[in-house]
Amino acid sequence: MFRRIAWIVLDSVGIGAMPDAAAFGDPPGADTLGNIARIRGLHLPNLARLGLGNIKPLAGIPPAEAPAGAYGRCTLASPGKDTTTGHWEMAGIHLDRPFPLYPHGFPQILNEFERRIGRSSLGNKAASGTEIIQELGAEHMRTGSPIVYTSADSVFQVAAHEEVIPLWELYKICETAREILRGPYQVGRVIARPFIGTPGHFTRTSNRHDYAVPPPKGMLLDQLEDRGVPIHSVGKIFDVFLGRGIRESAKTKNNPDGMARTLEALDSMDAGLIFVNLVDFDQQYGHRNDIEGYGAALEQFDAWMPQFQDAWRPDDLAILTADHGCDPTVPGTDHTREYVPLLACGPHVAQGSNLGLRGSLSDIGQTVAANFRASIAHGVSFLKEIV
């Protein structure tokens, strides 16, 4: 048994298309890690030592002769390729059907939304978040109408300039949207997207806030809370699970901030789960087709790994994985349905253990649950394979 588990989700760092990817609208050949390594090149010596290059062939990342951890990859069993689907599956929740998508904008429910918030709205279409604020930001500043948009994922996003609609009101607008989007319209997340600046120079701020669907009861964080296991979340984990079971949490501005907060949690916690999401890979680089930025962020994380490892105690387990893909090298700006990497490491983790292709992301959650003498509805634990 491990006294502490640090579980880090490298948001969107997929490792190759799943067989059904085309059914989810993906272009052929999506492979976030593989394509970035092939096109840009990646220098990831610390992750390579753990066995990243043993999972599958990756250009410039050779397999380790004696991996310093256990390695494998996970299938996304639920239909979908978004944050909520991936994180919920990690916690033992499998969806029967995907959350609804609105590629052509939202239907008549937008009339009720505008009536409830007392403002008209702009947009109502699928768009890039950075592009739509440049397109409609000036009109938003003139009219005070919030910008509503979606993407290829199940999201209802509301963008507003912080000097036009103050944060408290933007958050209230999103809470209203979350109340309206029920039943057949229940999108995975409502997201507040504040921005600042002047026409032609708008930039999004770090005051984003997510309003997720409440997870079904009995998922991993509920089970750990019932057993008195402390949970410290870093990044958007708190929002994805609506804070359920989480005793301490830290919001983050970017990946470096998230990594710093992770070290702080390791310094302050003697036992329990530290559950981390590093979102820049997805939010800043994947959706923007920024191959160079994505690669640099991966190398920045790899360079941080020795600090992370120095903070480990003898009875610690670290798990590195992802929730879906977002390949910046293929056409489009949307998530991609990919397998995700799985690396397990720590001072007393069995080295060189090949965990193979796991049946679902729930295998990770089941492993965490088993470590703390709990269980969840789905997943096969690999705890015995790493001790």
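The values are calculated or read from the model by the stated rules, or taken from the named source; none is laboratory data. Remember, predicted model here, so these are calculated numbers, not experimental data. Cβ sites come from the backbone with ideal geometry, for glycine too, and all protein chains shown count toward neighbours. The accessibility values were calculated without ligands, DNA or RNA, using every heavy atom of the protein model including side chains. Shrake-Rupley method; radii C 1.70, N 1.55, O 1.52, S 1.80 Å.
Worth a mention:
- The residue pairs whose first member lies in region 23-39 and is at positive phi and at pLDDT below 95, whose second member is open to solvent by 20 Å² or more (accessible area, probe 1.4 Å) and of a type outside the set (A, V, I, L, M, F, W, C), and whose beta carbons are closer than 6 Å, counting only pairs six or more residues apart or on different chains, do not exist in this structure.
- Screening region 44-61 for residues that are out of contact with any strand residue (DSSP E or B) (no Cβ under 9 Å at 6 or more places or on another chain) and assigned to a loop (DSSP other than H, G, I, E, B) and picking the one that is most open to solvent (accessible area, probe 1.4 Å) gives P57.
- Residue within region 272-285 that is under 29 Å from R40 (Cβ atoms), of a type in the set (S, T, Y) and open to solvent by 50 Å² or more (accessible area, probe 1.4 Å) present: yes
- Residues satisfying the stated conditions in region 170-219, i.e. in contact (Cβ under 8 Å) with a residue 12 or more places away in the chain, of a type in the set (G, A, S) and not in a loop (DSSP other than H, G, I, E, B): A177, A192, A212
- Annotation: S145 fulfils all but one of (1) modelled with pLDDT under 95; (2) farther than 20 Å from S12 by Cα; (3) of a type in the set (S, T, Y); the unmet one is (1).
- Selection within region 286-303 - acidic (D, E), in a helix (DSSP H, G or I) and either open to solvent by 50 Å² or more (accessible area, probe 1.4 Å) or free of Cβ contacts under 8 Å to residues at least 24 places away in the same chain (or both): E292, E299
- The one condition in (1) open to solvent by 10 Å² or more (accessible area, probe 1.4 Å); (2) within 25 Å of the chain's Cα centre (by Cα); (3) over 16 Å from V240 (Cβ atoms) that A159 fails to fulfil: (1)
Conditions (1) outside any helix (DSSP H, G or I); (2) within 27 Å of G29 (Cβ to Cβ); (3) among the hydrophobic types (A, V, I, L, M, F, W, C); (4) open to solvent by 20 Å² or more (accessible area, probe 1.4 Å), marked per residue:
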| site | (1), (2), (3), (4) |
| --- | --- |
| L342 | yes, yes, yes, no |
| A350 | yes, no, yes, yes |
| L355 | yes, yes, yes, no |
| S360 | yes, yes, no, no |
| G365 | no, no, no, no |
| G379 | yes, no, no, yes |
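- Inside region 62-85, residues that are assigned to a helix (DSSP H, G or I) and in contact with a strand residue (DSSP E or B) (Cβ under 8 Å, 6 or more places away or on another chain) make up a count of 2.
- Hey, R73 open to solvent by 60 Å² or more (accessible area, probe 1.4 Å), of a type outside the set (A, V, I, L, M, F, W, C) and closer than 15 Å to L342 by Cβ or not: yes
- Region 240-258: number of residues that are open to solvent by less than 10 Å² (accessible area, probe 1.4 Å), of a type outside the set (V, I, T) and part of a helix (DSSP H, G or I): 2
Table: residues versus (1) buried (at least 21 other Cβ atoms within 10 Å of the Cβ); (2) among the aliphatic types (A, V, I, L, M); (3) under 22 Å from the mean Cα position of the chain (by Cα); (4) on the phi < 0 side of the Ramachandran plot.
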{"site": "M305", "(1), (2), (3), (4)": "no, yes, yes, yes"}
{"site": "P314", "(1), (2), (3), (4)": "no, no, no, yes"}
{"site": "A318", "(1), (2), (3), (4)": "yes, yes, yes, yes"}
{"site": "T321", "(1), (2), (3), (4)": "yes, no, yes, yes"}
{"site": "C326", "(1), (2), (3), (4)": "yes, no, yes, yes"}
{"site": "C345", "(1), (2), (3), (4)": "yes, no, yes, yes"}
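- Count of residues meeting criterion [open to solvent by 50 Å² or more (accessible area, probe 1.4 Å) and within 17 Å of the chain's Cα centre (by Cα)] in region 12-26: 0
- Taken over region 220-239, residues that are assigned to a strand (DSSP E or B) and at pLDDT below 95 amount to 0.
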